[in-house]
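The structure appears below as structure tokens.
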Amino acid sequence: MHTETEKAYLLKALEHFNRKFIVISPDFKVLAASGRDSAALAKNSGQTHCYKTIYDRFAPCESCPAKKTLQTCEPTLREIENDRAHSGRMTCLYSYPLVSEGVLEAIVVVDFDLPMLEKLEDRLKRSNAFFRNLIRSAVDGVIAADKTGKVFIFNDAAAEITGYSVAEALNHLDIRQVYPEGEAYEIMRKLRSEEYGGQRKLKFYPTQAVRKDGAVIPINLNAALVCDNNQEVASIGFFHDRREELRIKRELEKTQVQLLQAEKMASLGKLAAGVAHQLNNPLSGITLFSKIVLEDYELPDEAREDLQRILRDAQRCRDTVKELLEFARQTRQIMKPNDINKALSRTLFLLQNQTLFQNIEIQTDLAPDLPPVQSDIQQINHLFMNIILNAAEAMEGKGRLSIKTAVAPAGDRACIEISDSGPGIPEEVLPHIFEPFFTTKEEGKGTGLGLSLVYGIVENHGGAIRASSRPGEGTTFSIELFFAGKEKNEAQRDGKS
Ligand code: ADP
Ligand code: MG
């Protein structure tokens, strides 16, 4: 128990504590008041309701903390968030019970909050949940790790990029596993240096992420060191997946290369056409005059034979010139129904007399009555030319070239198979052959453009191409092209023609 002097001091202390401090009965009547406006409040002690005196109301306020204390017998903090109405007024913020022998005797209400731990925790939890949600729904992968490398923040996008599940990452992932060997160390070094976006920061740093399955993914990394009292405690990284961006870039490069190639082909075509026309006149002369000499003169048998040989060769030159003209005929894409067998034969005709083909046995198995394919004939010629030339180069001019056409079982497209008996394509090379500039040939021999052009042409026609090969057992290119009127997608065809 307090002595009288103590009580006097305590009262004085309360009086000088210039905040509202009232004691009310369980039926909300003011029993005592101290601090601000105490005189007015406690005027008729035990007679007037607190809500009437303070707020001029006829019932306790909606969010009165004392109401809750009355129910629970627990200290209560007013729910301020839901209570904008009383802002600026002398609000009752906090209440606690006065219990005597197990019975609630009175409630103390004050206008300053004494937040309880649980409340604070609750708020903290809510704001934590909000931030977790924020991080979770971020578009970029977010990964944070403590100083030992243990991951403690890992969002859904990070899971998508790395292939680890969130639970897996939070339980056993070390941040070093997410980067290629030595890269985590390099990133930490850069983070600690001033040079890469300021101290403790790394901005738009292009690097790689290593997936759970070992695949490596290009990313842009934004990272920061997290410090507490100037001590490094963690690091956080935002992983921006660059695969889509790079894919579009590659596609663009490929298109540019194809454009370049197409232009080159177009000018080559013009050149060939010019030369062919120039050759046509003298060839006509040779043919005509050989015939005249044969008919008009009495010639010894040997001379006659020689002349006939000249005539035959001139005829062949004319055929070649005709095919060359056909081959190089047009420069703009013109889609129309074309006979694929004829295109193959023409390409073979042009190639088979070249020295490279002298020791190559050519086998053809062309399906009779193959329906026409909706296509640009010049592109189709280039397509076959590139594949057949590659085959001859791979066989180094010696071996067997097989060309087969057939109607696909579905009946809507042609299947063309071009196989060679060359050395085949090693497994690690096969995925790259259609990439622009990819070549295994020595400098000056290969440009690496042939198959990328082929790929572009097949895509252009809505078709498909596949290369299969086993080292030592040759290579087969299989191409599928839709018959005219059977194209996959009308819109695509209309847009392209
Ligand atoms: P290039 O012929 O200029 O090298 P391509 O794009 O035509 O470029 O071909 C790319 C690569 O694909 C070649 O360098 C070669 O390694 C491989 N290749 C293509 N066709 C064959 C084939 N029939 N046999 C073996 N390798 C081939
Ligand atoms: Mg080539």
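The values are calculated or read from the model by the stated rules, or taken from the named source; none is laboratory data. Everything quoted here is computed from the prediction, not taken from an experiment. Glycine also receives a Cβ, built like all others from the backbone with ideal geometry; neighbour counts cover every protein chain displayed.
Summary of values
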read-out: Tally of residues being crowded, with 17+ Cβ neighbours inside 10 Å and in contact with a Ser or Thr (Cβ under 7 Å, 6 or more places away or on another chain) across segment 189-216; value: 2
read-out: Residue that is of a type outside the set (A, V, I, L, M, F, W, C), exposed (fewer than 15 other Cβ atoms within 10 Å of the Cβ) and within 16 Å of ligand 1 (Cβ to nearest atom), where the choices are Glu361, Glu393; value: Glu361
read-out: Where a residue in segment 378-404 is more than 21 Å from Asn359 (Cβ to Cβ) and its partner, wherever it lies, is of a type in the set (A, V, I, L, M) and more than 10 Å from ligand 2 (Cβ to nearest atom), with Cβ under 6 Å and at least six apart; value: Gln379/Ile457; Ile380/Ala343; Asn381/Ala343; Leu383/Ile457
read-out: Residue among Val108, Val142, Val103 that is more than 31 Å from the chain's Cα centre (by Cα), surrounded by 14 or more Cβ atoms within 10 Å (Cβ to Cβ) and either outside the structural domain of Glu74 (by TED's automatic domain parsing) or within 30 Å of Tyr55 (Cβ to Cβ) (or both); value: Val108
read-out: Any hit, segment 407-415, residues being within 15 Å of ligand 2 (Cβ to nearest atom) and either within 29 Å of Arg247 (Cβ to Cβ) or assigned to a loop (DSSP other than H, G, I, E, B) (or both); value: no
read-out: Every residue from segment 364-390 that is within 18 Å of Glu417 (Cβ to Cβ), crowded, with 21+ Cβ neighbours inside 10 Å and away from ligand 1 (no atom under 16 Å from the Cβ); value: Val373, Ser375, Ile380
read-out: Subset of segment 437-471 [over 26 Å from Gln363 (Cβ atoms), away from ligand 2 (no atom under 12 Å from the Cβ) and surrounded by 20 or more Cβ atoms within 10 Å (Cβ to Cβ)]; value: Gly456
read-out: Test set (1) crowded, with 20+ Cβ neighbours inside 10 Å; (2) within 16 Å of ligand 2 (Cβ to nearest atom); (3) closer than 24 Å to Asp365 by Cα - Gly474 fails condition number; value: (2)
read-out: In segment 1-34, residue surrounded by the most Cβ atoms within 10 Å (Cβ to Cβ) [restricted to those that are in contact (Cβ under 8 Å) with a residue 40 or more places away in the chain and assigned to a loop (DSSP other than H, G, I, E, B)]; value: Lys20
read-out: Search result, residues across segment 457-473 that are within 10 Å of ligand 1 (Cβ to nearest atom) and hydrophobic (A, V, I, L, M, F, W, C); value: Ala467
read-out: Test for Ile416: is it within 16 Å of ligand 1 (Cβ to nearest atom), out of contact with any Gly (no Cβ under 9 Å at 6 or more places or on another chain) and in contact (Cβ under 8 Å) with a residue 60 or more places away in the chain; value: yes
read-out: Among (1) assigned to a loop (DSSP other than H, G, I, E, B); (2) more than 8 Å from ligand 1 (Cβ to nearest atom); (3) touching a strand residue (DSSP E or B) at 6+ places or on another chain (Cβ under 7 Å) - the single one Gly422 does not satisfy; value: (2)
read-out: Which listed residue, of Leu348, Leu389, Leu366, is within 13 Å of ligand 2 (Cβ to nearest atom), under 30 Å from Cys317 (Cβ atoms) and modelled with pLDDT of 90 or more; value: Leu389
read-out: Filter result (out of contact with any Pro (no Cβ under 8 Å at 6 or more places or on another chain) and over 12 Å from Thr475 (Cβ atoms)) within segment 401-427; value: Ile403, Lys404, Thr405, Ala406, Ala408, Pro409, Ala410, Gly411, Asp412, Arg413, Cys415, Ile416
read-out: Some residue of segment 443-456 being more than 6 Å from ligand 1 (Cβ to nearest atom), of a type in the set (A, V, I, L, M) and in contact with a strand residue (DSSP E or B) (Cβ under 9 Å, 6 or more places away or on another chain); value: yes
read-out: Meets criteria (over 22 Å from Gln256 (Cα atoms), among the polar types (S, T, N, Q), away from ligand 2 (no atom under 14 Å from the Cβ) and crowded, with 16+ Cβ neighbours inside 10 Å) for Ser402; value: yes
